[in-house]
1. Give me a comma-separated list of calculated 3J(HN,Hα) values for the stretch 72-88, in order, Karplus coefficients 6.51, -1.76, 1.60 applied at θ = phi - 60°, integers in Hz, x for any Gly or Pro.
2. Treat each spin label as a single point 7 Å out from the Cα along the C-beta direction, and report the E66 to A41 distance in nm.
3. Kirkwood Rh, Cα Rg: Rg to Rh for the chain?
4. How much of the pair distance distribution for the stretch 2-48 lies past 16 Å, counting alpha-carbon pairs only, in percent?
5. With labels modelled as points extended 7 Å from the Cα through the Cβ direction, what inter-label distance (nm, one decimal) is found for A34 paired with A8?
Amino acid sequence: MERAESLAARVTEVQNRHAEVAERLTRLESERDARLAELDAEATKVGAGRADVVAGVGDDLVSLYEKIRASSGGLAAAAMQHRRCGGCRLELNPVDIDRIRSTPQDEIIRCEECRRIMVRTAESGL
Ligand SMILES: [Zn+2]
């Protein structure tokens, strides 16, 4: 009799724990779904301007960008800052700096190390 009561108490304890875990799981799934919805909304918002950018940039550059992006971990272009490639972070040598300085602003420049497109800015150090 005592053993049956002990087992019944244990069953109740396990059922209560199960209910707690199930409730927590439901809450976490709800939080996950809410976050995913936020990410989807953000992806839609960010992607909305892409078509305009693609149209303004041109097919050749977009193709180059996508090719580099596929082979470089998703980062195809990066700002050149303080004479460093923003992609691989390597410092450019004086020969490359001279080459970049003499390259017209509307021409694409690429890092000799990682081949990413380098975007010149006021902070490029040129
Ligand atoms: Zn680089």
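Throughout, read-outs are computed from the coordinates displayed, never taken from laboratory work. Note that the structure is a prediction, hence the values are computed from the model and not measured. Virtual Cβ from ideal backbone geometry, glycine too; neighbours counted across all protein chains shown.
1. Going residue by residue, I get 10, x, x, 10, 9, 9, 8, 5, 8, 10, 6, 6, 10, 6, x, x, 9 Hz, with x marking Gly and Pro.
2. If labels sit at E66 and A41, their model points lie 3.0 nm apart.
3. Details: Rg = 27.8 Å, Rh = 19.4 Å.
Checking Rg against Rh, the ratio lands at 1.43.
4. Numbers: 665 of 1081 pairs.
Cα-Cα pairs in the stretch 2-48 separated by more than 16 Å: 62 percent.
5. In this crude spin-label approximation the distance works out to 4.1 nm.
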